[in-house]
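The values are calculated or read from the model by the stated rules, or taken from the named source; none is laboratory data. Every value quoted in this text rests on a predicted model; they were computed, and no experiment measured them. Note: ideal-geometry Cβ built from the backbone for every residue, glycine included; neighbour counts use all protein chains shown. Protein only, heavy atoms only, side chains kept; ligands, DNA and RNA dropped before computing areas. Shrake-Rupley method; radii C 1.70, N 1.55, O 1.52, S 1.80 Å.
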Amino acid sequence: MRLNKVQREELKQKYDGKCSYCGIELNNRWQADHLEPVEREVIWYKCEKSRTMKSKSGDMRKPEHDHLDNMMPSCVKCNNDKSSMTLESWRRVIKDRIKTLNENPVYASYQKAKRYGLIVETNIDVVFYFEKYEAAK
């Protein structure tokens, strides 16, 4: 669904101009995310100019989710990270990242910062901004 300017501004203000997931102030590059994913087909093709494989979005697998009531204002980072996951799947992925940061040697800087007390893990549940916003109403 392509939003017109009025719909886009109304969606941006749904949570007072903040990302519905992380709560940061949205800039001009914010995106409309489908809360219940539409799961787009990915089509891979070879780019003759650069001789690399590229992808583009194909048909939606769940077009019934493509409506304004299912859209959430999102910063680019949250929308890209959530991708086509359900909210609960994404919540689990976020929570599980701490385990990866602690166990994978690639993240030695994180592990060192934790040892020096610069990072304190809380093991709290992942609660998205819109959930806090709606609970406060």
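List the GluC sites (Glu not before Pro) within segment 104-137 that fall in a DSSP loop (any state other than H, G, I, E or B) and whose Cβ has at most 15 other Cβ atoms within 10 Å.
The qualifying sites are E121.
Can you give me the long-range amide H partners of M71? Hydrogens built in the peptide plane at 1.01 Å from N, cutoff under 5 Å, separation of 5 or more residues or another chain.
Those qualifying (amide H under 5 Å, at least 5 residues apart or on another chain) are L35.
Quick one, which of (i) 0.96; (ii) 1.04; (iii) 1.12 is the actual Rg/Rh (Cα atoms, Kirkwood Rh) calculated for this model?
From the options (i) 0.96; (ii) 1.04; (iii) 1.12, the structure gives (ii).
Find the accessible area per residue for segment 82-130; the probe is 1.4 Å, ligands and nucleic acids are left out, and the unit is Å².
I get 73 Å² per residue for segment 82-130.
Taking the Cα centre of the chain as origin, work out the dipole magnitude from +1 charges on Lys and Arg Cβ and -1 charges on Asp and Glu Cβ, in debye rounded to 20.
Using only the charged Cβ atoms, the result is roughly 720 debye.
With unit charges on the beta carbon (Lys/Arg positive, Asp/Glu negative), name the residue among L3, H67, L26 whose Cα is farthest towards the positive pole of the charge dipole of the chain.
Going by the Cα projections, it comes out as L26.
With the crude spin-label approximation of a point 7 Å out along Cα→Cβ, what separation in nm comes out for Q31 versus E10?
2.3 nm
Pull up all non-local amide H partners of K18: gap of 5 or more, or a different chain, and H-to-H distance under 5 Å with H placed in the peptide plane.
Excluding prolines and chain starts, which carry no amide H, the hits are L26.
Can you send over the carbon and sulfur percentage of the accessible area for the chain, probe radius 1.4 Å, protein chains only?
Carbon and sulfur atoms account for 50 percent of the accessible area of the chain.
Suppose accessible area is computed on protein heavy atoms with a 1.4 Å probe; arrange D66, D125 from highest to lowest.
Result of the area sort, largest leading: D125, D66.
7 Å from Cα along Cα→Cβ at both M85 and V126: what's the point-to-point distance in nm?
Modelled inter-label distance: 0.4 nm.
Please sort 44-50, 70-76, 85-91 by packing, taking for each peptide the average over its residues of neighbouring beta carbons within 10 angstrom, highest first.
So the peptides 44-50, 70-76, 85-91, ranked by packing, come out 70-76, 85-91, 44-50.
Just to check I understand the Karplus step: with θ = phi - 60° and J = 6.51 cos²θ - 1.76 cosθ + 1.60, what whole-Hz values come out for segment 13-25, glycine and proline as x?
Going residue by residue, I get 7, 3, 10, 6, x, 10, 4, 5, 9, 9, x, 6, 5 Hz, with x marking Gly and Pro.
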